[in-house]
Amino acid sequence: MRSSSPPRRQAATVAWMAACGLVLLAAEARHLRARGRFTFRRAATILSRTGATPRTSEAAILFLDAIGRQIPAGATVALLRPGYEGYQDVEDAYMAAAGRLPNCRVVPSNIRAANPPEYLASFESPAPDARYLLVSRPPGGFLYRLR
Amino acid sequence: MIRALEYAASLALVPVFGLSAVVAIDETMAFEPGLLAAAGCAILAVEMTFLSLMKIAWSPLVITAPLVAISAVSLPRLRRNRLRIGRAAGSSGLPAWSLVPGGLGVALVSMAAVTATSTSIDFVYFWGPKAQQFALHRGIDFAYLSARDNFLMHPDYPPLVPLVFAWSSLWAGFSWWAPILSAPFFVALSAWSFWRLGRRSLEGSILAGLSGLFAITLGYCLVVTNSLGNAEVFLVCWESQALALLTFQPQSKRRDLLASVMLCAVVLTKVEGAAFAMLTAAAFSVERRPAIRWGRFFRLAGIPLALLVGWIAIGHFEGIREAYSRSSPYGPFTLVHLPLVVSRVLAAGNYEAGFLPWFALLGVIALSPRPAASFRYLALSFLYFLFVVFCYVHGAGNPRDWILVSAPRLLLAPVAFLAFGAAAAWNPVESDRSS
């Protein structure tokens, strides 16, 4: 430890650091509070309070976990969200499903016309398709199997 | 509970893996957890990549045995030098309360982690899936990375983060929670190394305040940018280890080599880590005599550069080159959007707090007795800012949304530069070290 700066300068700097630190802590606490109450209790999913639509994210993860228990390992599956079928939506759904369904072969939903996967998971809304049979309605969506 | 213990055991082994490298270079640093963790992760990533290339399936035993054996070789050296190590690791004389400010910052990050308030979407989309797939495949799954459907998973991103997550998955199965819950530990490690290595250079109240402010700032920025689970948590921790060594340890070949091991972890963690490593190595090699300048630069940057070239070569041969390809995946270099990019990147530094993280650290520099001693760090911040701008001036599309989601995280490196710049400005011996 060394001490070679005037005490007044040091005191001013410590006061500045303390003030800035407290403001940042308060801003962080406010950020956390805006997304839910203060707690150290673990959330239901890893996205339960994250982003602009945390309820949707949480429901999607719970839905994927539920269908992951129903689809046999190695089966091909596509996740779609009716009404959200733009390029980025398809990619996002594909990557989210690829992570949550590691034992299945996840494919992007936009290939289903030409190369239908064995299972179709439709988040939130039904996705009626004559080629598919509804096999279950887990919370958050619909699971179909190729006839 | 048993699964949590298995995770804890797998992560506790990582610093042990780093022991051999740290002790071989400087045994007095053998009890610095941040340095050991950075070295351990870098060595683990290199070994797991090597095993994958050799088509040897990963298992806890196959990975652990050689690394523990190598680390065990360093134990006699530790024993021989225990008095010297004990003196170096000895008490700082600082009261425990000096850790309280940093502890508060870490506590809020812990709350954000456990309540899933700041989870990174990149973790959900590619860091996590890659790690999970690698663990299931018992090796880096190059076929998975090169699959056409997975091109948005950034196949050639440096491998350290998914490899470390995969390592713990080999023990206890993949957990989506473990990487997020480990984030507060990395913030704590960053601040701890600042506090520990700075304790012989800075006056007690300045050290306590600055290390606390660093932990709070880092934690705050990671939380408001939704970075938990993302590679930034690792990156900024390794960057902090390198900067702590270069800022607080006297200039020597050993210090430079140890810092280069930290920079190895940096380049293996994220693409932008290469820019950090090269800029830092250049800034700490400034010297009038060319022979010394270049010698110092290659001591700092040589091994990280070799590892980076090795990873790019692997990407080339495995057909997964994307970020490191000659043509940017986002499009060719263009200055069409330059004014927009500059203004948006500057705005990204707001951090929902009116730029307070920057002003807080710049204020510490302005109030210091030797603000000029922080020039190197200010220059590094500015050069890194230019690098961030360079990243976004590619492609014909409007980069506004791209900047919005990623620039605040990229700017964490300049925040770290400023924190250590503030330390340099308050360090009475810093001016003696500047060449």
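Points to keep in mind about this one:
- Filtering the range B:62-82 to residues that are at pLDDT 90 or above and over 13 Å from B:Glu47 (Cβ atoms) leaves only B:Ala72.
- B:Met29 farther than 20 Å from B:Phe165 by Cβ and surrounded by fewer than 20 Cβ atoms within 10 Å (Cβ to Cβ): no
Matching residues to (1) hydroxyl-bearing (Ser, Thr, Tyr); (2) away from chain A (no Cβ under 12 Å):
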residue: B:Pro371; (1), (2): no, no
residue: B:Tyr377; (1), (2): yes, yes
residue: B:Phe382; (1), (2): no, yes
residue: B:Val388; (1), (2): no, yes
residue: B:Cys391; (1), (2): no, yes
residue: B:Asn398; (1), (2): no, yes
residue: B:Asp401; (1), (2): no, no
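- Scanning the range A:81-107 for residues being crowded, with 20+ Cβ neighbours inside 10 Å and either within 8 Å of another protein chain (Cβ to nearest Cβ) or not in a helix (DSSP H, G or I) (or both) gives a total of 10.
- Condition met for A:Arg30 (over 20 Å from the mean Cα position of the chain (by Cα), more than 7 Å from every other protein chain (Cβ to nearest Cβ) and surrounded by fewer than 17 Cβ atoms within 10 Å (Cβ to Cβ)): yes
- Being without any contact (Cβ under 8 Å) to a residue 40 or more places away in the chain and not assigned by TED's automatic domain parsing to the domain that holds A:Phe123 holds for only one residue in A:Val90, A:Val14, and it is A:Val14.
- Contact map, the range A:33-55: residues that are over 16 Å from B:Ser120 (Cα atoms) paired with residues that are in a loop (DSSP other than H, G, I, E, B), Cβ distance under 6 Å, separation 6+ or inter-chain. Pairs shown: A:Gly36/A:Arg49.
- Lone qualifier among B:Gly331, B:Gly354 - being among the small types (Gly, Ala, Ser) and either within 14 Å of B:Pro399 (Cα to Cα) or surrounded by 16 or more Cβ atoms within 10 Å (Cβ to Cβ) (or both): B:Gly331
- Residue in the range B:168-221 that is farthest from the other protein chains (Cβ to nearest Cβ), counting only those that are assigned to a helix (DSSP H, G or I) and of a type in the set (Ser, Thr, Tyr): B:Ser193
- A:Leu143 satisfies every condition listed in (1) surrounded by 17 or more Cβ atoms within 10 Å (Cβ to Cβ); (2) more than 10 Å from every other protein chain (Cβ to nearest Cβ); (3) over 16 Å from the mean Cα position of the chain (by Cα); (4) at pLDDT below 95 except (4).
- Members of the range A:33-67 found to be of a type in the set (Ser, Thr, Tyr), more than 8 Å from every other protein chain (Cβ to nearest Cβ) and not in a helix (DSSP H, G or I), listed by number: A:Thr53
- Checked against the criterion of being among the charged types (D, E, K, R) and closer than 23 Å to B:Val266 by Cβ, the candidates B:Glu352, B:Glu318 yield just one match: B:Glu318.
- Output for the range B:301-323, where each listed residue is buried (at least 17 other Cβ atoms within 10 Å of the Cβ) and either free of Cβ contacts under 8 Å to residues at least 40 places away in the same chain or of a type in the set (Phe, Trp, Tyr) (or both): B:Leu305, B:Trp311
Okay, residues lined up against (1) more than 30 Å from A:Gly51 (Cβ to Cβ); (2) surrounded by 16 or more Cβ atoms within 10 Å (Cβ to Cβ); (3) among the acidic types (Asp, Glu):
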{"position": "B:Ser343", "(1), (2), (3)": "no, no, no"}
{"position": "B:Phe382", "(1), (2), (3)": "yes, no, no"}
{"position": "B:Phe387", "(1), (2), (3)": "no, yes, no"}
{"position": "B:Phe390", "(1), (2), (3)": "no, no, no"}
{"position": "B:His394", "(1), (2), (3)": "no, yes, no"}
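The values are calculated or read from the model by the stated rules, or taken from the named source; none is laboratory data. Computed from a predicted model, the values in this text were never measured in an experiment. Heads up, the Cβs are rebuilt from the backbone with ideal geometry, glycines too, and the neighbour counts pull from every protein chain shown.
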